[in-house]
Every structure is written in structure tokens, then in C-alpha cells.
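> Dumping the structure here so I can ask a few things about it.
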Amino acid sequence: MLRSAMSRRAIFQAMTLVLLPSALPWTDGGGAPEPEPQDVSPVLMQAICAHCVAFSQVRRLAREMASGAKGQSPSTASPEALSSAVETERRLWASLVSYKTRNEAERHDKAAYVLGLR
């Protein structure tokens, strides 16, 4: 899933820069200076990373339980572990979605991650 999120982000960035150059504030054709780079808050980056780890954990536990149910290999995952992982993922997702962005860079990164997963 993470691979598709990255490729969607790359496609989105390429489309924005190639197809919509007139929509960018610094591309007025007159050689206007580029805007100051905007920083993405470490808090937002940590929230995205924490959710990504939790999401991966849920997927891993679900795969383990599914393979154990099919008799392929003994499952080390318990329903309680999966339930706990799902609850953690939901809590982190809610925290990420409710995060108030400060600038365009944060809005872009948050949207790219959210849209890449759901």
C-alpha cells in the first residue's frame, strides 16, 4: 500500500507542475522569484510516520491471522493483538486527520498521505 501512496504522490506532483503551471503563484511568465520554501512541522511528519507504522502493523497481523486460519502456518497473532493494533491505528488516524495544517506544504503532504491510503 505504501508503494501506491508514493506513486500517487509522484503523479500528483508531476501533474501539478506540468499541467497546471499557470496555477502556481510564482509562474507568471515574468520570471518572478520563487516563494520562500515552507517547512513541514516535525509534529506532522511524526504523526504520518506513526500512523504508517500502525497501519503496517494492522496489515501484518491480519495477514498472519488469515494465513493461520487457512492452515498455512501457525499464527502468532491473537485476535486481541489485532484489536489493539486496530484501535491504535484508528486513534492515530483521527489525530492525523484533525491536525491543523499551517501552510501549503503541510496541506499538500497531509492530503497526499491521506488520499494515498483511503
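The values are calculated or read from the model by the stated rules, or taken from the named source; none is laboratory data. All values derive from a computational prediction rather than experimental measurement. Methodologically, a virtual Cβ is constructed for each residue, glycine included, from the backbone with ideal geometry; neighbour enumeration extends over all protein chains shown. In case anyone asks, the SASA skips ligands and DNA or RNA and just uses the protein heavy atoms, side chains included. Shrake-Rupley method; radii C 1.70, N 1.55, O 1.52, S 1.80 Å.
> Six or more apart or on different chains, Cβ atoms under 6 Å: show the pairs whose first residue is in the range 45-60 and open to solvent by 70 Å² or more (accessible area, probe 1.4 Å) and whose second is at pLDDT 95 or above.
Gln57/Ala85
> Within the range 50-72, is even one residue at pLDDT below 60 and assigned to a helix (DSSP H, G or I)?
No: the range 50-72 contains no residue that is at pLDDT below 60 and assigned to a helix (DSSP H, G or I).
> Among (1) among the small types (Gly, Ala, Ser); (2) assigned to a loop (DSSP other than H, G, I, E, B); (3) at pLDDT 60 or above, which single condition is Gly30 missing?
For Gly30, the exception is condition (3).
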